[in-house]
Each structure stands twice: as structure tokens, then as C-alpha cells.
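First comes the structure, then the notes that go with it.
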Amino acid sequence: MKYRKFGKLAWEASALGFGCMRLPTKDGRGYSDQVDEAESIAMIRRGVDAGINYVDTAYPYHGGQSEIVLGKALRDGYRDKVKVATKSPVWMIQKPEDFDTYLREQMTRLQLEHIDFYLLHSLTSARWEPLVKLDVLARAEAAVKDGRIGHIGFSFHDNHETFKKIVDAYPGWEMCQIQYNYMDVENQAGTKGLRYAASKGLAVVVMEPLFGGRLASPPAAVAEVVAGDPEKRTPADIALQWIWDQPEVSTILSGMSSMVQVEENIRSAERSGVGSFGPGDFALIDRVRAKYRERAIIPCTKCEYCLPCPNGVNIPRNFELYNDAVVHDDPTLPRFTYGRFLGEKERAEVCTACRECEEKCPQAILISEWMPKVHQMLGAKPPQG
Ligand SMILES: NC(=O)c1ccc[n+]([C@@H]2O[C@H](COP(=O)([O-])OP(=O)(O)OC[C@H]3O[C@@H](n4cnc5c(N)ncnc54)[C@H](OP(=O)(O)O)[C@@H]3O)[C@@H](O)[C@H]2O)c1
């Protein structure tokens, strides 16, 4: 296993971390609470035996079973070999004491008296403001003081401006977790966010390195481009190496859902390193990206000339999610994002077809005609996770 600098801490994280959000399940449904406990424990322990020293879970994963199963996997001496990260379900916090109530419940589930990294889960602009008002970080600091948690961090799902604002708002952050992969360079925190957080001394943990698995099994047209790789690496390996090449990344969390994936990703991590991606590799990624983008059917460039919408619809974000679903032949994650992270008033369904935006769109997109289609595709109930 290769190890990497973890922000300002005098500790190095394994290049590969274990994300426990997509453990194998008995009913075959990705996010279900029917976790295949024996197989999950075997996979986590195999990862730790191979040198993984960072494991990540959260309150809602697998309906609460992820923390429980991880707790079991860490028995028999495995606890001492890893740092454990879990996350506060901030959307459930109504009053300051709730922070401690959930933390206690999570410690019980994990069977731990100390959690190494405790993150405020999935921060967005809308989630951040109420947490500030409830002074949740004072609660977190008290938990550090009495030893319930080691370090305070946050995971993030919003745009770069919000990311920077949150990084700057609290000097006590020691780490953050961002969605990052070769399709997300300008999306969410993005490459700018990665570099900014690292420049402030935060460790940056990468989640969704394979875009929730989609980059590992690309549609045929994209797979053809990937197959042009002279080294014949798998799409997953190429995507992971692209991230590991960047010095600001502390560890990559992979949500491995089979032992085969664990073995493959361990082998990838062993070959990883800053500077290991050559000019030919970057050119390959450029071609892959271009092929994905070619598939987008709404020609929105996110120029935002259409905004503000008089009804508050976040037009570019709706289009981006719709295009994502089409580009990857898979609406699952865009649906989840639409339901969970787009404010109710920002969603396509709020469009009244007033067409004010259409006069301003330089691409002449018939926005009012697209909006019902966007909502029809993305408005289906999101999975838990
Ligand atoms: N804090 C947050 O808001 C948040 C959000 C998302 C994730 N996370 C954390 O970050 C972790 C990583 O994110 P993620 O699970 O979305 O990671 P990811 O690596 O983008 O996606 C995981 C999926 O990729 C596929 N995969 C992994 N390795 C593969 C390989 N070698 N070959 C082929 N396919 C492979 C599997 O899909 P199949 O099952 O389809 O084969 C797996 O379920 C999560 O597990 C979770 O711990 C946190």
C-alpha cells in the first residue's frame, strides 16, 4: 500500500480508503439495509490486511447498518489498524443537544469510545446556515475535548463558492471530503476547491472517484475510447490513477461492493503516485471526457445568463443533472441529487413556463419545454444514502 500526507496531521493515510456506503447486500439493492454482513466484514478486513488505514461510514448508510457492520469488522484487533470516519446527520439536528444524541448513538452502533474523524455530513449552503445558528461546532469541539472524537471535518455537495465559504468559516477544520473525479473538475468543489482546501492545510478525502461507479462501466461509445489505452488498463483504474496523480489528494474512498473490486483497487493503489500519470494519459482522459460531453443533449454551457428565474428555478443545475443522466445512461445519482440537494424551489417542477429565461439564453434553448421533461426524469423518489 502507498501512504499519503493527511493535511497537517502527523499521520499518513493509505492511498485507498474504504467507503462503506455500497457494501454488498443480500437483496442486491445498492443502498439497502440487507447488508451481506459476512462478505462485508471479509472485504473490509482484506482491505485493512492490505494496508488500508482509513474507513468511512455515516449515520444513514444502508439504513444504519453500515456503522453496525463496520463496528463488527473492526473487532478482533482491526480497530487499532485504522482511523474511523463517520458523519453527523446534520439535517436531523433541530437543537444543539441533538448533535450529542446522534454521536452517542453512532458510537454505540460502531462499538467505539472514540471516533477519529467526525464530519458534518453533506454540507450545502442551505444546511450550513442553520448549523451555524445552532452552534454545532461548539458541540463538536466539546466532543474533541472529552475524547469522543479526534478531528472535525465536513463532507460537501454544493458549488465551489459555497465550498470556499465553508472552508473559510471555521479555522478548526482538519479535513474535508469532496466528490471528485475526472468528470467533476469544474463541478461541486472542483479542482479549484481541492487545491484551495489543501493550501489551507486541510486533508482532502475524495469520494465518488468513479462517479458512483459510472466511470467504471461507461456506455459503449465511451468504452471504445477507453479501450484505446495502450496499457489496456480498466476504466476504473484509469479514473483512480488520474486522482492519485494529484498531490493535494490525501486518500480516495472507494465504495467497493465486491471482493473482486477490493482486490483490483488494492492493486491500483499499489501502482499509484503523484506524477505517475503521463501526457498520453491526460490526453486519453481528455478524449474520454469529450466523448461523454458529446452525449449531452441539452446544449447548456452554464453561462447563467438565464438567471435569476422569477420563480427561483436553478436552470443550469437542472440541465446539468439531466445531461448527466443521459450521458451515463443512468439517472440514479442525478435523481438522488435532484431530490436531496436541490432546494424544492430550485427544481424544474417549479417552472411556470413564463419564458423570461428563453429571451436571455444565448444557446436559444427552449427552457420551458425542457423543464417538464427534466422533472419527469429526475423527480422519481431518490434512494436512501
Ligand atoms: N459524505 C457524502 O456525502 C458521501 C457521498 C457519497 C459517498 N460518500 C463516501 O465515499 C465513498 C466512495 O463513494 P462512492 O461509493 O460513490 O465511490 P465510487 O468509487 O465512485 O463508486 C463505487 C462503485 O464503483 C464501482 N466500483 C468500485 N471499484 C470498482 C472496480 N475496481 N471495478 C469496477 N467497478 C468498481 C462499484 O459499482 P457497482 O456496485 O455498480 O459494481 C461501486 O459500488 C462512499 O462509499 C461513502 O463512504 C460520502
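The values are calculated or read from the model by the stated rules, or taken from the named source; none is laboratory data. This one's a predicted model, so the numbers in the text were calculated from it and none came from an experiment. As a convention, Cβ positions derive from the backbone with ideal geometry for all residues, glycine included, and neighbour counts pool all protein chains shown. Accessible surface is based on the protein model in full, side chains and every heavy atom, while ligands, DNA and RNA are left aside. Shrake-Rupley method; radii C 1.70, N 1.55, O 1.52, S 1.80 Å.
Alpha-carbon geometry of segment 203-288: the Rg and the Dmax are 12.4, 36 Å, given in that order. Taking every lysine pair in segment 137-262 that is 8 or more places apart or spans two chains, those with Cα atoms closer than 30 Å amount to 8.
Taking label positions 7 Å along the Cα-Cβ direction at both Lys145 and Lys2, the computed distance is 4.1 nm, reported to one decimal.
What does a probe at Asp135 reach in segment 147-190, counting residues whose amide N is under 13 Å from the point 7 Å along Cα→Cβ? Nothing falls inside the zone, counting backbone N under 13 Å. Along segment 266-273 the Karplus relation, 6.51 cos²θ - 1.76 cosθ + 1.60 evaluated at θ = phi - 60°, assigns HN-Hα couplings of 5, 4, 4, 4, 5, 8, 7, x Hz to successive residues, with x for each Gly and Pro. Once both labels are positioned 7 Å from their Cα atoms along Cα-to-Cβ, the gap between Glu263 and Glu12 label points is 2.7 nm. The Cys residues in the chain with no partner Cys Cβ within less than 4.7 Å of their Cβ are Cys20, Cys176, Cys300, Cys303, Cys309, Cys351, Cys354, Cys361. Computed from backbone phi with θ = phi - 60° and the Karplus coefficients 6.51, -1.76 and 1.60, the 3J(HN,Hα) list for segment 357-364 is 5, 5, 5, 9, 6, x, 8, 6 Hz; x is used for glycine and proline.
When the Kirkwood radius is taken over all Cα pairs of segment 67-187, what Stokes-Einstein diffusion coefficient follows at 37 °C and 0.692 mPa s, in µm²/s?
217 µm²/s
Please identify every one of the trypsin sites (Lys or Arg not before Pro) in segment 280-354 that sits in a loop by DSSP and has no more than 13 other beta carbons within 10 Å of its own beta carbon. Taking segment 280-354 and a limit of 13 other Cβ atoms within 10 Å, the loop trypsin sites (Lys or Arg not before Pro) found are Lys302.
Principal axis extents of the C-alpha atoms in segment 1-120 (largest first, rounded to whole Å): 42, 41, 23.
Against the criterion of solvent-accessible heavy-atom surface with a 1.4 angstrom probe, Trp128, Trp11 sort, most first, into Trp11, Trp128. Here is how the number arises for the chain: DSSP H runs of 4 or more residues each give -39500 (n - 2.57), the sum is divided by the residue count, and the result at 222 nm is -12500 deg cm²/dmol. Between Phe282 and Arg195, the simple spin-label model (points 7 angstrom out along Cα→Cβ) gives 1.2 nm.
Straightening the chain between Trp91 and Ala221 buys 42.8 nm, computed as 0.36 nm per residue apart minus the Cα-Cα spacing. Given DSSP loops and a limit of at most 13 other Cβ atoms within 10 Å, what is the longest stretch of the chain that contains no such GluC sites (Glu not before Pro)? Longest site-free region, per DSSP loop and neighbour criteria: 1-112. Could you compute Rg(Cα) / (2.2 N^0.38 Å) for the chain, with N its residue count? Against the compact-globule rule of thumb, the ratio is 0.98.
For segment 81-151, compute Rg over Rh where Rg is the Cα radius of gyration and Rh is the Kirkwood radius from the inverse mean 1/r over Cα pairs.
0.95
Taking each pair of distinct Cα atoms in segment 245-369 once, what is the resulting Kirkwood hydrodynamic radius in Å?
17.6 Å
Would you kindly calculate the translational diffusion coefficient of segment 116-222, applying Stokes-Einstein with the Kirkwood radius from alpha carbon pairs, for 25 °C and a viscosity of 0.890 mPa s, and quote it in µm² s⁻¹ without decimals? Result for D is 168 µm²/s. A cut-off under 14 angstrom between Cβ atoms defines the neighbours of Ala269, and their net charge, with Lys, Arg +1 and Asp, Glu -1, is -1. All distinct Cα pairs of segment 135-174 go into the 1/r average, and the inverse of that average, the Kirkwood radius, is 11.1 Å.
For a straight C-alpha distance cut-off of 16 angstrom, the lysines reachable from Lys373 (same-chain residues fewer than eight places away being disregarded) are Lys381. Note on the chain: GNM, Cα springs under 10 Å; of Asp158, Asp329, Asp33, the largest mean-square fluctuation is that of Asp329. Entry comment: accessible area of the chain is 42 Å² per residue, from protein heavy atoms only and a probe of 1.4 Å. Spatially, segment 14-38 and segment 271-298 are offset by 28 Å when compared through their Cα centroids. Please work out the C-alpha center-to-center distance from segment 212-270 to segment 105-146 and express it in whole Å. If you average the Cα positions of each part, the centres end up 31 Å apart.
Length gained on full extension, Glu161 to Asp33, computed as 0.36 nm times the residue gap minus the Cα-Cα distance: 42.6 nm. Taking the Cβ of Arg289 as the centre, find all other residues whose Cβ is under 12 Å away and add up their charges (Lys, Arg: +1; Asp, Glu: -1). Local charge sum for Arg289: 0. If you look at the Cα atoms of segment 315-378, you get an Rg and a Dmax of 11.5, 32 Å.
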